[in-house]
Amino acid sequence: MSDWTQTVTAKVLGIGVLALVMTIPLMQVRALVSERQQLREGAVAQIARGWGSRQVLGGPVLSVPTIRSVTVMENQPPQWRASSESVLADSLKMDVAMAVQTRRYGIYDVPVFVATVKLDARFQPRDLTQFRQAGNAQWQGGKAELRLPIGDLRGLQQVSELRVNGKPVRFDSSDERFGPWPTVVVPIDLDALAGQPIDVEIGLRLAGTESLQLLPLARSTDVTMRAPWRDPSFIGAALPLQHQLDTREFSAHWHLLDLNRSYGQHWTDGAGGIDKTLAASAFGVQLYQPVDMYQRNVRAGKYGLLFIVMTFVAFFLFEVLKRLRVHPVQYLLVGAALATFYVVLLALSEQIGFGPAYALAAAAVVLIVGGYAAAVLRARRAGALLGGVLTLIYAMLYGLIAAEQYALLIGALVLLAMVALMMYLTRRIDWYAYVPASIGPLQPPAAIMERS
């Protein structure tokens, strides 16, 4: 057994164990990235508290109080119970123009917006008549309300226009909610309308953070949105029918029918599951930051073990082909330097951006590992060669990180090429051979440099 432990195969197995040990610091680095992401989320929440959070905006919804007769027990007179019904508009048009800026909290940048919204909705009298007669409840039309759901009322900066059938009115605050969202309301007397349609015109400014979603609260919903942001992420239950992107802005248009939703044009308030159903129908845009700093750090960390193994393999090839011996502690020191790269990358990227941080962190690790290799392997040329290999590895890693859509394909091809290269370089190694004895005690680095 003692003889077997001196073979090249045993050396390879030992290096494999050391590589697995290096997963411990890599896991700690991933936990650190997650912690920094949470700090950024805290910064987003702090800005949202004063500016407005991720916003949701719907069209006006008609809420009608009702009373219905309910038989509680046999041989007892019926009781009257109060409730309300929500009725959606026949048509809804929304024109949204977003002005975007970046707010900074500590070291974190967060995109915020102010959306100028022009909204037109119409309720058809035939719908009101049909819905009024469809149920067994009596409508209290004189006490109806138009409710406008808004995700975060702190972001409602201005109501520039509000008209009902051409007459200016004003919103009132309310503790009533539409689904999971708060509302502002306008009282309306249905009985006084005498079968007329209800036309609602609203102009407002709504501030929010990172995303704006809209609700298709009409039989036919048309939305046009534009913003000076070149990387929108269209989110929610519907993608735009048309959209245009350029280097400075985007525009998009949605058209949805009531047939595209999983709820109807009216319902009794408090119906089970309606809140989740309404929330699931939201659609809109997120001010997406492609492969942002933390996403890039996470992606870099995913390849950490692979590149540590590749560096260990390079050391092993030098050791075997040059008939040297490298101590396991020296492998661990090299692995520690490689793991430190990810911490330095994270710390620098929060200050100067990911690209410059990557270049500085990679250069530092290449110099450290290359210089250490020159001392351990007793040859400047070997250190320079290993430094060149590391430079190539980090260049490939940056390519994988930058290739957002093709990272898996490129990574698979790189991995295949590296395996093929290792098979080629080790094709003549006798795995049963003994590891060569040390060629003598290691000399001080200065003496090695002088001799080289």
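The values are calculated or read from the model by the stated rules, or taken from the named source; none is laboratory data. A quick note: this is a predicted structure, and the numbers were derived from the prediction, not measured. Every residue, glycine among them, receives a Cβ derived from its backbone with ideal geometry; neighbour counts consider all protein chains shown.
General remarks:
- Candidate set from region 195-209 (those that are within 32 Å of the chain's Cα centre (by Cα) and surrounded by fewer than 20 Cβ atoms within 10 Å (Cβ to Cβ)); member that is farthest from Gln158 (Cα to Cα): Gly203
- Filtering Leu397, Leu360 for residues that are in a helix (DSSP H, G or I), out of contact with any Lys or Arg (no Cβ under 8 Å at 6 or more places or on another chain), modelled with pLDDT under 80 and more than 24 Å from Lys11 (Cα to Cα) leaves a single hit, Leu397.
- Of the residues making up region 79-106, just one is touching a Phe, Trp or Tyr at 6+ places or on another chain (Cβ under 6 Å), surrounded by 16 or more Cβ atoms within 10 Å (Cβ to Cβ) and within 20 Å of Ser53 (Cα to Cα), namely Met98.
- Checked against the criterion of being surrounded by 14 or more Cβ atoms within 10 Å (Cβ to Cβ) and in a loop (DSSP other than H, G, I, E, B), region 243-251 has at least one qualifying residue.
- Residue within region 107-124 that is more than 26 Å from Thr277 (Cβ to Cβ) and exposed (fewer than 12 other Cβ atoms within 10 Å of the Cβ) present: yes
- Subset of region 180-192 that is outside any strand (DSSP E or B) and touching a residue at least 60 places away in the same chain (Cβ under 8 Å) - its residue that is surrounded by the fewest Cβ atoms within 10 Å (Cβ to Cβ): Pro180
- Gly370 vs. criteria within 30 Å of the chain's Cα centre (by Cα) and within 27 Å of Val33 (Cβ to Cβ): no
A quick yes/no check of all residues on (1) at pLDDT 90 or above; (2) within 28 Å of Val61 (Cα to Cα); (3) of a type outside the set (S, T, N, Q):
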position: Leu256; (1), (2), (3): yes, yes, yes
position: His266; (1), (2), (3): no, yes, yes
position: Thr277; (1), (2), (3): yes, yes, no
position: Val285; (1), (2), (3): yes, yes, yes
position: Gly304; (1), (2), (3): no, no, yes
position: Phe316; (1), (2), (3): no, no, yes
position: Val326; (1), (2), (3): no, no, yes
position: Gly335; (1), (2), (3): no, no, yes
position: Tyr342; (1), (2), (3): no, no, yes
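- Matching residues, region 304-320, being within 32 Å of the chain's Cα centre (by Cα) and either crowded, with 20+ Cβ neighbours inside 10 Å or aliphatic (A, V, I, L, M) (or both): Gly304, Leu305, Leu306, Ile308, Val309, Met310
- Cβ pairs under 8 Å, 6+ apart, first in region 376-387 and buried (at least 20 other Cβ atoms within 10 Å of the Cβ) and assigned to a loop (DSSP other than H, G, I, E, B), second among the acidic types (Asp, Glu) and at pLDDT below 75: Leu377/Glu319
- Residues that are free of Cβ contacts under 8 Å to residues at least 24 places away in the same chain, surrounded by 14 or more Cβ atoms within 10 Å (Cβ to Cβ) and not in a loop (DSSP other than H, G, I, E, B) within region 252-283 comprise just one, Thr277.
- Residue within region 406-426 that is under 26 Å from Tyr108 (Cβ atoms) and either assigned to a helix (DSSP H, G or I) or not assigned by TED's automatic domain parsing to the domain that holds Lys302 (or both) present: yes
- Qualifying residues in region 131-141 (those that are part of a helix (DSSP H, G or I) and of a type in the set (A, V, I, L, M, F, W, C)) - the one nearest to the chain's Cα centre (by Cα): Phe131
- Test: Leu128 is in a helix (DSSP H, G or I) and crowded, with 19+ Cβ neighbours inside 10 Å: yes
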